[in-house]
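A short write-up of the structure that comes next.
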Amino acid sequence: MKTYALTVTCKSTRGIVAAISGYLAEQGCNIIDSSQFDDLETGLFFMRVSFISEDGVSRAALEEGLKPVAGKFGMKTALHDQAERMKVLLMVSRFGHCLNDLLYRTRSGLLDIDMVGVVSNHPDLRPLTQSYGVDYHHLPVTPDTKVRQEAEILALVEQYLAYIEGARSLRLEIAADYLVMAAWLAYLKSCLLLPKDPTIDPSPEELALRLQLRLQRLDAMREPVPG
């Protein structure tokens, strides 16, 4: 029996929880954990459900059967096999207590992820990171080098994307969203900390479009490989 995690986002309305739980019950699935949140300011609903497919229904079949429910409520859904280890590229600054905790939890098996690398704008945490056998990438940033650092981060992510594309040719599924999202979160953090140059810095709309295109690329990489 496989364990899955389903995430759901849609406009808040009545009947969402009943529709999701009812569908899973019909498919022979047993819910083992569920959490939900209503954002009253935006009117959005968020839900995460962990469940066991006790009848052995495949991930593809579950995703296909969910489409009518998702369509009815305008849901954005994602179904994850919890047996698959996620590839994580971690962005850090100068303080190491959180990094040390994450590295320890990863090595000891408390976090079911593969930490493929650590990126920082300071060199301080290189010894700590490398003591765990994890690659460390120092990408310094100043007001004069902010744009170049963004390019270097994206180049680093491209290297991991190339690896993922190679793995896809072997029919392996790897959760790469975290590589893209982490890189962009680091860049956005630098935008908040450093003065903005309107002649160089892209607008929020341009940033959103770039991120959207990269995530679309990752979605395309997950399409089944022709036999």
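What are the residues in the range 1-25 that are within 14 Å of Asp55 (Cβ to Cβ) and free of Cβ contacts under 8 Å to residues at least 24 places away in the same chain, if any?
Within the range 1-25, Ala25 is the sole residue that qualifies.
Report the residue count in the range 38-60 for those that are of a type outside the set (Asp, Glu), outside any strand (DSSP E or B) and closer than 14 Å to Lys2 by Cβ.
Number satisfying all stated conditions: 5.
Determine which single condition Phe45 fails, assuming it passes every other condition in (1) farther than 23 Å from Arg85 by Cα; (2) modelled with pLDDT of 95 or more; (3) surrounded by 14 or more Cβ atoms within 10 Å (Cβ to Cβ).
Status for Phe45: all satisfied but (2).
Could you go through the range 84-96 and let me know if any residue there is of a type outside the set (Asp, Glu), in contact with a Pro (Cβ under 6 Å, 6 or more places away or on another chain) and surrounded by fewer than 17 Cβ atoms within 10 Å (Cβ to Cβ).
Looking through the range 84-96, none of the residues is of a type outside the set (Asp, Glu), in contact with a Pro (Cβ under 6 Å, 6 or more places away or on another chain) and surrounded by fewer than 17 Cβ atoms within 10 Å (Cβ to Cβ).
The rows are residues; the columns are (1) in a loop (DSSP other than H, G, I, E, B); (2) of a type in the set (Gly, Ala, Ser); (3) within 14 Å of Leu6 (Cβ to Cβ).
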site	(1), (2), (3)
Leu62	no, no, yes
Gly65	no, yes, yes
Val69	no, no, yes
Ala78	no, yes, yes
Cys98	no, no, no
Leu102	no, no, no
Leu110	yes, no, no
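Against the condition modelled with pLDDT under 70, under 24 Å from His80 (Cβ atoms), among the β-branched types (Val, Ile, Thr) and not in a loop (DSSP other than H, G, I, E, B), how does Ile153 come out, does it pass?
no
Taking the range 98-138, which residues are polar (S, T, N, Q) and surrounded by fewer than 16 Cβ atoms within 10 Å (Cβ to Cβ)? Walk me through how you get there before you give the answer.
Taking the range 98-138 first, the residues polar (S, T, N, Q) are 100, 106, 108, 120-121, 129-131.
Answer for the range 98-138, where residues must be polar (S, T, N, Q) and surrounded by fewer than 16 Cβ atoms within 10 Å (Cβ to Cβ): Asn100, Ser108, Gln130, Ser131.
Every residue, every condition in (1) modelled with pLDDT under 90; (2) within 30 Å of Val118 (Cβ to Cβ); (3) of a type in the set (A, V, I, L, M, F, W, C), yes or no:
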position	(1), (2), (3)
Ser34	no, no, no
Asp39	yes, no, no
Glu63	no, no, no
Gly74	no, no, no
His80	yes, yes, no
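The values are calculated or read from the model by the stated rules, or taken from the named source; none is laboratory data. All of these numbers come straight from a predicted model, not from anything done at the bench. In this analysis, Cβ positions are derived from the backbone assuming ideal geometry, glycine residues included, and neighbour counts consider all displayed protein chains.
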